[in-house]
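*Asks:* Take a look at this one; I'll ask things after.
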Amino acid sequence: MFGNTPRRTVVLTPFLEQRLESAVGRAVLNHTVTQVAAMNRNLLGMALAGCSDGLDSWCPAGDPVKVTTDLFAPFVHPGSERLHAVHTDTFHSISNTSPSPQAHDNVLRQTSNNVSLDYVFQWPIFPRDTAGLFAADNILVADQEDKDDAHRDVDRASRLKVQHIDEDEIYGLVQNFLQHVHVKNPVLDEKTLLGYARSVAELGPQWDAKTCLVLVTAALGAIAKPFTPTLETTESLSTLQRKALDEPLFRRADAYYQSAQRRFGLLDRSLTACHCYLVSGIFLLYSLRPLEAWQSFFNASSIYTVYLRGRIASQGLEHYDHGSQDAFRCRLEQRLYWSCIKSETEIGSEITLPRSSLASIDYPYMFPSPPPPEDNDEMSTANLGEVYPRMPASTSTISPGSHDGADQASLHEQSWFYYLSEIAMLRISSRINHTFYAGDHTTWLGMDIPAMVDAARDLECQLEQWRESLPQVISCFDVPPELETITELQLTTWTRYSSLKAKLYRPFLYRLAHLPDQGFLSQAQGILQPLAEKAVLECLDPLRAVGMGHRHAGAWYRCRESAARALSLLCGLRIGLVKTMGKEEEAVSAVELCLAQLRCWEEESSDLKLAREVIESLYSQWLNGVWSAY
């Protein structure tokens, strides 16, 4: 379409870059060919006009960012409305003879751990003699204590003592991984992985990276279960002890994971090696071992940084050339980059530890490229067993019905909608961090209140634009669906959105609670209270109770988020805001549900147990009217 258009450099401010990126991201999710083409034409016109058509007035002063008209070149497959029909050259080429247009926000290079649960416990409204027990970096202290715990070592050794891998079930376990884990983070090529798994099943485990990857994915396949949309209650969670319930699964999974670990020392700096460490981190999050997960994500990102810099050094600018013959490898590289960035950013927001230098690379792709059309067509025209020859049915952990070709193609498409929406949400999350969490909570008291509100409204608008762009297959916002129809991707998308809104409104609850005159006699109350009330309401949504007992890679994060919600509600109860809203009974029930959730998981992560004990003490003080003054 723009084949004869001369390549022109357009200077954009960071704000306009954000606007263009948001528009392109929405078009990706809208999955309509005509809309994409029209949007690209409009954006191209505005860019070439030097933003004179309205958007220029939106651009505050700032360092210019260079992009080129390649950003807007459509790459569509006429006649198809599926996801692969609309991925554009945005995914492939945002370069201007130099691979450094800074396609993603600079704020992605910063990880703010000021959003961590640790800092919510430090709010002055909570009595120091109680809340102070949950000290910053307590998870690091607990890790040191665990190393000195001989009982813990004996327990782990006994769990692995007589466990052996079963080569006959490996292929089925990898299929289970693809069905229930990989769908939320499609960083691997499914066909390639199943080929590796078949080789391991037929020839036995080898001492190479391919076998290592198969064993790690098999470990995840051994513990991953289908999602059941259960609306949990305090009573149901009180009888659900996840560690004891899943112990047989972990005995089986640990055998595969320990076998994979013996091969980590033999890994090089290849894509497969990076995949091994990344998937290992996911397994460790499933096991609620966040520090070990951080180490795996750090290793994956560090090795990948060396890999990328080596590729650039050896191949120069051609490494980012859209015309490269190795399109398959380019797509894998894009997925790995964004999955590493996302994993490091998320774990770094809760644990005060360094991150790799991967984010310092000026990577030229705003989103990873979805697989080509033929990949999805292949799955939609045949059963998975025909596309990927299976091992005997007796070795599979997945029911035959789950391999229906149409279902697989639909799941594949939903997976990519979810994956792209997560990356778009990562940018909004980073902007919230950059705006409100560059310093700790004490900095909120020095912020100009009207400016805080204006910034929150703008970020709120971005969140709503993101929500409105979601395809229905990963959205459960507009019409509350029947509980049994909610899918895991829909729930996870909603949970992410709700968590970001809670993070966005939390500073206003803090500011209201810590005004010099307790907040309710202050002139600032009228400005702060509406947003502080939103912070409370985000903690009361009943959809948060769905799937609290489901094991997944985000279970630890979700528990920490629940603890932060309980503290926010206790803060609102303490200052009388919740009572003013007429939500006291709901808030009490929500706090008790959060405590039940923490109790359900606390045997697997000591920080969750400590959080539960401290919150329980604060809650008891509020109930008994003995909360000390602050």
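*Asks:* Tell me the label-point distance for the pair residue 407, residue 230, using the 7 Å Cα-to-Cβ offset, in nm and rounded to one decimal.
*Replies:* Using points 7 Å along Cα→Cβ, the separation is 2.1 nm.
*Asks:* A further question follows. For region 184-280, what is the charge dipole size about the Cα centre, in debye to the nearest 20, if Lys and Arg each add +1 at the Cβ and Asp and Glu each add -1 at the Cβ?
*Replies:* So the dipole magnitude of region 184-280 works out to roughly 180 debye.
*Asks:* Please give the length that would be gained between residue 447 and residue 588 if that part of the chain were fully extended, namely 0.36 nm times their separation in residues minus their C-alpha to C-alpha distance (nm, one decimal).
*Replies:* Going from the current span to full extension adds 47.6 nm.
*Asks:* Still on this structure, please answer the following. I need the shape label for region 154-268. Rule: rounded when a/c is under 1.5, else prolate if a/b > b/c, else oblate, with a, b, c from the alpha carbon gyration tensor.
*Replies:* Oblate is the answer for region 154-268, as a/c is 1.5 or above yet b/c matches or exceeds a/b.
*Asks:* Here is a follow-up. Say each of residue 203 and residue 247 gets a label point 7 Å from the Cα, pointing the same way as Cα to Cβ; how far apart are those two points in nm?
*Replies:* Each label point is offset 7 Å from its Cα along the Cβ direction, giving 3.9 nm.
*Asks:* Too long at a 20 Å Cα-Cα cut-off: which of 534/579; 534/583; 225/609; 210/243; 342/503?
*Replies:* Too far apart for the 20 Å limit: 225/609; 210/243.
*Asks:* Another question, then. Please compute the length gained on full extension between residue 312 and residue 129, using 0.36 nm multiplied by the number of residues separating them and subtracting their Cα-Cα distance.
*Replies:* Taking residue 312 through residue 129 to full extension adds about 60.4 nm, to one decimal.
*Asks:* Run the simple label-point estimate for residue 144 and residue 484 please: 7 Å along Cα→C-beta, distance reported in nm.
*Replies:* My value for the distance between the label points is 5.3 nm.
*Asks:* Summing +1 for each Lys or Arg and -1 for each Asp or Glu, what net charge is found among the other residues whose Cβ lies under 11 Å from the Cβ of residue 273?
*Replies:* +1
*Asks:* Which order do the peptides 484-492, 126-134, 605-613, 239-247 take when ranked by the mean count of other beta-carbon atoms within 10 Å per residue, highest first?
*Replies:* 605-613, 484-492, 126-134, 239-247
Read-outs: derived from the displayed coordinates by stated rules, not from any lab. Just so it is clear, the structure is predicted and the values come from calculations on it, not from any experiment. Glycine gets a Cβ as well: all are built from the backbone with ideal geometry, and neighbour counts include every protein chain shown.
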